[in-house]
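Colleague: Can you read through this structure? Questions will come right after.
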């Protein structure tokens, strides 16, 4: 039997298990427009996370009776590939995936001008190819880029980031171990130009002061991610422009 | 009235474009005193107006638009047409025939069958109803010859150019007949398949580089170069 070696999540110098500082994000790489068959798409790598987001629509709603007379229907599917985690995950949607589909949808809904496209549906697919904690946040960040890539008018980009607590320290952008072994996890989705929070969940225990600090930390992480997000959206067009000039 | 970007600057959704006494035009929205972008594109400030020329968008019908569509269904007295938008359009028999429709005798598939491409005009459309089309105008009707190119609908104005400068240049240089559907479908019909190939190449180049300046000249140059290459190939063949 393998014995679990006790590890310290944060060492005495304030360095975390993967070598990051307490308030440091994992390296993020985003590519927009990676899929030809979807109307819009994005691929994000955040640390060891690899997530694809694809958007179809606005298009006819099937089945017909789901169509809303005054606005578009946003449908979202968050799904983890069987090979995304260490032990094979059943490809059937789990309770957790159903819940995340719902919260991702609700995090993005306020950012989209749904009322401009009555009787249509916008279908969003978030496929986790490799998971290492914080997939809902990375999923939301990628999904809002995919929506923008599909040409869907939006009030703002939505960006998400988690903060939490491990061994008494408040930390930013938790990875899988920190999420599982730590004391608390606080994913936040945020619209930077509106200063509005569209998703706020908490798992674990935090005091009121800690919660406030953690929330501000997460929002700071969102703002950092937002800069990368914006650049990635522009990259394709800047490249073409530079080529011709 | 401050503005926050240069003219033709690249903006992303949610970017604050201007504050104060401006009119919010296409692909922007107003919230209180501030105007924000709602799509990725190039911002354009005019005297009182702020707009974003989107780099990526889909087609929404508008009355009077010329569109190219595909018949997807033949009904009892209408056709259902896919015009590359979020809604399916209908073409009623009264908008296709010059006389009254006789259900017993007329066979709709003899006019347009499933899979046929048609050039049509949007006659009605609003939030509550799907668009309907007409083909009862000169130049409209079934597409019988040529090739279809699909482009992002926002690039259509660029293909046409200012006062039609780009499209006229394309027609002149390639010798092709080009019909531009507002829904992002372009019909290219020319004398030879080689001319059509060059025209399609040019259209793709315009779509790719629509947000850069001096495009008309670059496209003209490309077409001339392509044609020159073809002529060179011919002459060397003769020599050989």
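Colleague: Among what's in region A:58-76 and is surrounded by fewer than 21 Cβ atoms within 10 Å (Cβ to Cβ), in a loop (DSSP other than H, G, I, E, B) and touching a helix residue (DSSP H, G or I) at 6+ places or on another chain (Cβ under 9 Å), pick the residue that is nearest to the other protein chains (Cβ to nearest Cβ).
Modeller: The extreme case among them is A:70.
Colleague: While we're on this one: For region B:9-65, enumerate the residues that are within 10 Å of chain A (Cβ to nearest Cβ), assigned to a loop (DSSP other than H, G, I, E, B) and touching a residue at least 60 places away in the same chain (Cβ under 8 Å).
Modeller: B:55, B:56, B:57, B:58
Colleague: Can you give me the ranges of the helices (runs of 4 or more DSSP H) entirely in region B:162-240 with at least 1 residues that are within 14 Å of another protein chain (Cβ to nearest Cβ) and at pLDDT below 90?
Modeller: By residue number, B:193-208, B:215-239.
Colleague: Yes or no: region B:68-78 includes at least one residue that is part of a strand (DSSP E or B), closer than 28 Å to residue B:25 by Cα and either at pLDDT below 90 or away from chain A (no Cβ under 14 Å) (or both).
Modeller: Scanning region B:68-78, I find at least one residue that is part of a strand (DSSP E or B), closer than 28 Å to residue B:25 by Cα and either at pLDDT below 90 or away from chain A (no Cβ under 14 Å) (or both), so the answer is yes.
Colleague: Give, as residue ranges, the strands (runs of 3 or more DSSP E) completely inside region A:163-245 that count at least 2 residues that are more than 14 Å from every other protein chain (Cβ to nearest Cβ), in contact with a strand residue (DSSP E or B) (Cβ under 8 Å, 6 or more places away or on another chain) and closer than 16 Å to residue A:22 by Cβ.
Modeller: Ranges flagged: A:169-172, A:184-191.
Colleague: Here is a follow-up. If you scan region A:24-47, which residues turn out to be within 13 Å of chain B (Cβ to nearest Cβ) and at negative phi?
Modeller: A:30, A:32, A:36, A:38, A:39, A:40, A:41, A:42
Each row is one residue, and each column tells you yes or no for (1) within 22 Å of the chain's Cα centre (by Cα); (2) modelled with pLDDT of 95 or more; (3) more than 14 Å from chain B (Cβ to nearest Cβ); (4) surrounded by 19 or more Cβ atoms within 10 Å (Cβ to Cβ).
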residue: A:7; (1), (2), (3), (4): no, no, yes, no
residue: A:18; (1), (2), (3), (4): yes, no, yes, no
residue: A:49; (1), (2), (3), (4): yes, yes, yes, yes
residue: A:52; (1), (2), (3), (4): yes, yes, yes, yes
residue: A:56; (1), (2), (3), (4): yes, yes, no, no
residue: A:78; (1), (2), (3), (4): yes, yes, yes, yes
residue: A:81; (1), (2), (3), (4): yes, yes, yes, no
residue: A:94; (1), (2), (3), (4): yes, yes, yes, no
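Colleague: Could you tell me which of the residues B:174, B:154 is within 18 Å of residue B:220 (Cα to Cα) and either surrounded by fewer than 16 Cβ atoms within 10 Å (Cβ to Cβ) or touching a residue at least 12 places away in the same chain (Cβ under 8 Å) (or both)?
Modeller: B:174
A quick yes/no check of all residues on (1) buried (at least 16 other Cβ atoms within 10 Å of the Cβ); (2) out of contact with any strand residue (DSSP E or B) (no Cβ under 6 Å at 6 or more places or on another chain); (3) at pLDDT 90 or above:
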residue: B:93; (1), (2), (3): yes, yes, yes
residue: B:96; (1), (2), (3): yes, yes, yes
residue: B:99; (1), (2), (3): no, yes, no
residue: B:102; (1), (2), (3): no, yes, no
residue: B:105; (1), (2), (3): no, yes, no
residue: B:116; (1), (2), (3): yes, no, yes
residue: B:131; (1), (2), (3): yes, no, yes
residue: B:143; (1), (2), (3): yes, no, yes
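Colleague: Can you name every residue in region A:186-216 that is surrounded by fewer than 14 Cβ atoms within 10 Å (Cβ to Cβ) and over 19 Å from residue A:174 (Cα atoms)?
Modeller: Across region A:186-216, the qualifying residues are A:195, A:208, A:209.
Colleague: Criterion first (facing chain B (nearest Cβ under 10 Å) and surrounded by fewer than 20 Cβ atoms within 10 Å (Cβ to Cβ)) does residue A:117 satisfy it?
Modeller: It is false that residue A:117 is facing chain B (nearest Cβ under 10 Å) and surrounded by fewer than 20 Cβ atoms within 10 Å (Cβ to Cβ).
Colleague: What are the residues in region A:2-51 that are farther than 23 Å from residue A:229 by Cβ and assigned to a strand (DSSP E or B), if any?
Modeller: Residues satisfying the conditions are A:10, A:16.
The values are calculated or read from the model by the stated rules, or taken from the named source; none is laboratory data. What you are looking at is a predicted structure, and each value in this text was computed from that prediction instead of being measured. Glycine also receives a Cβ, built like all others from the backbone with ideal geometry; neighbour counts cover every protein chain displayed.
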